[in-house]
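**Student:** My questions will all concern the structure given below.
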Amino acid sequence: MKLVTYLKEEVDQLAILVNGMLYNTQELHPDLPNNMQMFLLMWEEVIDIALHADAQLKAGTNPGTGMGIPYESVHVLAPIPFPTSCRDGYAFRQHVAAARRNRKADMIPEFDQYPIFYFTNHNAIQGPGKIQCMPDHFEKLDFELEAAIVVCKAGRNIPAAEADSYIGGYMIMNDMSARLLQMEEMKLNLGPAKGKDFSTVIGPMLVTPDELEPFKTATKPGHTGNTYSLKMTCKVNGIQVSEGNMGDMDWTFAEIVERCAYGVNILPGDVIGSGTVGTGCFLELNGTGKLNDPDYKEQWLQPGDVVEMEIEGLGTLTNTIVAENDDFSILQLKKNI
C-alpha cells in the first residue's frame with residue numbers, strides 16, 4: 001500500500017495511491033482516519049481495513065474506485081507531515097569508509113560494533129517542492145540520499161528480532177546539509193546541529209512492507225532484520241550523481257530501531273533515517289574526486305538546482321533549491337579571538 005499526504009482545503013489529507021490516482025481514506029471506509037497522525041496512532045486498529053481497501057482499489061471492486069483524484073493535480077506534502085521525532089542513522093559502511101578515507105582518517109572500528117544515530121529537527125520536515133535556504137546554507141550546501149522508516153506502534157527495549165513489526169513503512173529521505181556550518185560546529189565535538197536543522201525532506205509517499213516483499217533479499221551475515229534490494233539514485237539538474245542500493249545497509253532498520261528503543265519509548269510517528277548511501281552526497285563525491293585528481297572541481301547545490309531522488313518501489317522525491325530573500329548570516333556573528 002502506498003500512502004500519500006496532500007493539501008486539501010488547507011489541511012493535510014491522507015490518501016491511498018493506486019495507478020496514479022489518490023483515494024481519500026475516510027471515503028474508502030468510515031473507520032479510516034483522514035490524516036497520517038491519527039492513522040499511525042490507530043495503526044493496529046485500521047491497518048487491515050486500509051490494506052483491504054487498497055486491494056479492492058487495485059482490483060477495481062471498491063465502491064470508491066471512481067472517486068480518485070489525479071496525483072499530479074494536488075500539492076503533495078511529506079507523508080508524515082508532523083513526526084513525533086526524527087532520528088538519522090549511519091548504516092552504510094561504504095559511505096562512512098569513503099568519507100573517512102577522503103579526510104585521511106582510518107575506518108573507525110566502532111562502526112561494526114553497533115548502529116548509531118543522531119536527532120535532527122522534526123519541525124523542519126518537508127515533502128516535495130521548494131527548499132528555502134539562507135546565505136550560510138549555501139556555503140557548501142549538500143544533499144544526502146537516504147531511506148527512512150516510520151514507527152507505527154509504541155515500544156520500549158525492543159529486540160531487533162521483533163523490531164520490523166514496529167515499522168509502518170518506508171520512504172525516501174534527503175538529509176539536507178549545510179557543510180560549512182556543520183564542519184565549524186563539529187570542531188566542538190557536539191555533533192551536527194545548525195548544519196542540519198533547516199530542512200529534512202521525506203516522501204513522496206509511505207510504502208508499507210507488503211509492497212516490498214518482492215524486493216526482499218538476504219540480510220548480511222551477523223545481522224538481524226528485513227533487507228530489501230532497492231536501487232537508489234540521485235540526479236541534480238537531470239544529471240545522475242549518485243547510485244546505490246538499500247540492500248547495502250550494513251545495519252538493518254530493525255537493528256537501528258533496537259538501539260533507538262533501548263531504555264526509551266519510541267512512538268507512532270517517529271521517523272528514522274538510514275544514513276547516507278555510498279556516493280550519496282557531494283561531500284563524499286568531492287572528497288573522492290579530489291583524492292584522485294587535485295584539480296577536481298567541487299560541486300555544491302546552488303539556487304535553482306533541482307534534486308531528484310529515486311528509490312525503487314518508493315517513488316521519486318523532487319525538490320528545488322531556493323534562496324530566501326534575506327542576507328542575515330550567523331557565520332558573521334563569530335567572535336574574533
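**Student:** Explain nothing, just compute: Karplus ³J(HN,Hα) = 6.51 cos²θ - 1.76 cosθ + 1.60, θ = phi - 60°, for every residue of the stretch 269-281 in order, whole Hz, x for Gly and Pro.
**Tutor:** Taking θ as phi minus 60°, the curve returns x, 5, 9, 10, x, 7, x, 6, 6, x, 6, x, 7 Hz for the stretch 269-281.
**Student:** What's the ranking of 132-143, 110-121 by average number of surrounding C-beta atoms within 10 Å, highest first?
**Tutor:** So the order, starting with the most tightly packed, is 132-143, 110-121.
**Student:** Here's something else I'd like to know. When only alpha-carbon atoms are used, what values of Rg and Dmax, in angstrom, describe the chain?
**Tutor:** 20.1, 71
**Student:** Give me D for the stretch 22-178 in µm² s⁻¹, whole number, from Stokes-Einstein with Rh from the Kirkwood sum over alpha-carbon pairs, 25 °C and 0.890 mPa s.
**Tutor:** Approximately 130 µm²/s, per Stokes-Einstein.
**Student:** Taking square-rooted eigenvalues a ≥ b ≥ c of the alpha carbon gyration tensor, is the stretch 226-298 rounded, prolate or oblate, where a/c under 1.5 means rounded and, failing that, a/b exceeding b/c means prolate?
**Tutor:** The shape class here is prolate.
**Student:** Could I ask something else about it? Enumerate the amide H contacts of SER85 below 5 Å, restricted to partners 5 or more residues apart or on another chain; note that Pro and chain-start residues carry no placed amide H.
**Tutor:** For SER85, whose amide H was placed from the backbone, the distant partners under 5 Å are ASP270, VAL271.
**Student:** Determine ³J(HN,Hα), in whole Hz, for all residues of the stretch 150-162 in sequence, where each value follows from phi through the Karplus function 6.51 cos²θ - 1.76 cosθ + 1.60 and θ = phi - 60°; x replaces Gly and Pro.
**Tutor:** Result, ordered by residue: 10, 6, 10, 7, 5, x, 7, 6, 8, x, 4, 5, 10 Hz.
**Student:** Divide by every residue of the chain the summed helix terms, -39500 (n - 2.57) for each DSSP H run of at least 4, and state the resulting mean residue ellipticity at 222 nm, rounded to the nearest 500 deg cm²/dmol.
**Tutor:** Rounded to the nearest 500, the figure is -5500 deg cm²/dmol.
**Student:** Residue by residue, what Karplus-based ³J(HN,Hα) values in Hz, rounded to whole numbers, does the stretch 77-87 have, using 6.51, -1.76 and 1.60 with θ = phi - 60° and x for Gly and Pro?
**Tutor:** 9, 4, x, 10, x, 10, x, 6, 6, 9, 10
**Student:** Extending each Cα 7 Å along its Cβ direction at SER73 and TYR296, get the distance between those two points in nm, one decimal.
**Tutor:** Those two pseudo-labels are separated by 4.8 nm.
**Student:** Could the peptides 255-267, 26-38 be put in order, highest first, of the mean number of other beta-carbon atoms found within 10 Å of their residues?
**Tutor:** 255-267, 26-38
**Student:** For the stretch 164-216, what is the per residue volume of the convex hull drawn over the alpha-carbon atoms, in cubic angstrom?
**Tutor:** Cα convex hull per residue, to the nearest whole number: 123 Å³.
**Student:** Still on this structure: So which DSSP H runs in the chain come out at 20 Å plus along the axis (Cα) with average Kyte-Doolittle of at least 0.5?
**Tutor:** Membrane-span-like by this criterion, though nothing is claimed about a membrane: none.
Rule-based calculations on the coordinates, nothing more; no lab input. As the structure is a computational prediction, the values presented were derived from the model and not from experiment. Ideal geometry is used to build each Cβ from the backbone, glycine not excepted, and the neighbour counts take in all protein chains shown.
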